[in-house]
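> For reference, the structure I am asking about is given below.
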Amino acid sequence: AVAFSWVGRGPLMAARRSEEVLRAALGVPDRVPYAEKRAVRARLPGVEERAAEVVALHARAVGVTGWPESLERVECEVIDHARVFGLEGLAEARGVVSELVPGGVVAGRLVAAAGPDLHLEGADGGVVVLDTRLMRGWGVERAVGEVSVPVRGVVVPDVQDGLF
């Protein structure tokens, strides 16, 4: 997550049970697909708006009943990783590397890293995303030139309902 807060502290199994209770009560998905995350990284709400959303969701979470007794609720402390990940001021990605091929090149200046994704800015200023899970079995060496591997477009949703 770009911005988050802990809601509780306790034994692992109690935390896992609480995740399920909160997911059901708050309608929070178990996972958000990487394609959806990639599509909105360059259009995140501002730091204050992200923090306010986390504070509001934290308040809803601690108000839910059914938490295991062994899990201690904790105060909201928003942690925001946008700057650390390089997402502040990130340009929209023009594409995502779909596969690596023999003789192909993926080159660019690293401008952001989030999850398995590296956002690389090419010489023309355009940003391409490389999912590092594609790199398994491939060598890494200094590359010069433009991206010459297959790249697919980024599907951008019309509206993001919120951070979660």
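> Rounded to the nearest 10 degrees, what's the angle between the helix 47-62 long axis and the longest principal axis of the chain, both from Cα atoms, 0 to 90?
Around 40 degrees separate the two axes.
> Oh, and also: With a 1.4 Å probe and all protein chains left in place, how much of the accessible area of the range 1-111 comes from carbon and sulfur atoms, in whole percent?
55
> Across the range 24-105, how large is the tail of the calculated P(r) beyond 22 Å, expressed as a percent of all Cα pairs?
The calculated P(r) of the range 24-105 puts 47 percent of pairs beyond 22 Å.
> Determine the gain in length on full extension of the stretch residue 47-residue 155; use 0.36 nm per residue of separation and subtract their C-alpha separation, reporting nm with one decimal.
So the extension gain works out to 36.5 nm.
> By how many nm would the segment from residue 132 to residue 148 grow when fully extended, if each residue of separation counts as 0.36 nm and the alpha-carbon distance is taken off?
Separation in residues times 0.36 nm, less the Cα-Cα distance, equals 4.1 nm.
> Can you tell me, using C-alpha contacts under 8 Å and at least 6 residues apart, the relative contact order of the range 1-71 as a whole percent?
63
> If one takes the longest principal axis of the Cα atoms in the chain, at what angle in degrees, from 0 to 90 and to the nearest 10, does the Cα axis of helix 12-26 lie?
It works out to around 90 degrees.
> Per residue, how much accessible area does the chain show when a 1.4 Å probe rolls over the protein heavy atoms, in square angstrom?
With the other protein chains kept in place, the chain gives 63 Å² per residue.
> Here is a follow-up. At 7 Å along Cα-to-Cβ for each site, give me the label-to-label distance between residue 12 and residue 64 in nm.
Result: 2.1 nm between the two label points.
> Next question, about the same structure. At a 10 angstrom cut-off on C-beta neighbours, averaged per residue, how do the peptides 115-121, 78-84 rank from highest to lowest?
115-121, 78-84
> Moving on to the next point. What FRET efficiency, computed as 1/(1 + (r/R0)^6) with R0 = 22 Å and r the Cβ-Cβ distance, is obtained for residue 91 and residue 19, rounded to the nearest 0.05?
Approximately 0.05, to the nearest 0.05.
> Right, here's the next one. Between residue 40 and residue 72, what is the spin-label point distance in nm, taking each point 7 Å from the Cα along the Cα→C-beta axis?
3.3
> What is the distance in Å between the Cα centres of the range 78-100 and the range 2-69?
Taking the Cα centre of the range 2-69 as reference, the centre of the range 78-100 is 20 Å away.
> Nearest 5 is fine: what % of DSSP beta bridges in the range 83-162 come out antiparallel, could you say?
Bridges in the range 83-162 are about 80 percent antiparallel.
> Can I ask one more? Under 1.5 on a/c is rounded, so check that first for the range 67-137, then, if it is not, pick prolate when a/b is larger than b/c and oblate when it is not; a ≥ b ≥ c are the square roots of the alpha carbon gyration tensor eigenvalues.
Oblate.
> Hey, what did the chain get for relative contact order, percent, Cα under 8 Å, at least 6 apart?
28 percent.
> I'd like the antiparallel share, as a percent to the nearest 5, of DSSP beta bridges with both residues in the chain.
85
The values are calculated or read from the model by the stated rules, or taken from the named source; none is laboratory data. Source: prediction; values computed, not measured. Because the Cβ atoms are built from the backbone with ideal geometry, glycine has one as well, and the counts that use them run over all protein chains shown. To get the accessible areas, we keep the full protein, side chains included, count just its heavy atoms, and leave off ligands, DNA and RNA. Shrake-Rupley method; radii C 1.70, N 1.55, O 1.52, S 1.80 Å.
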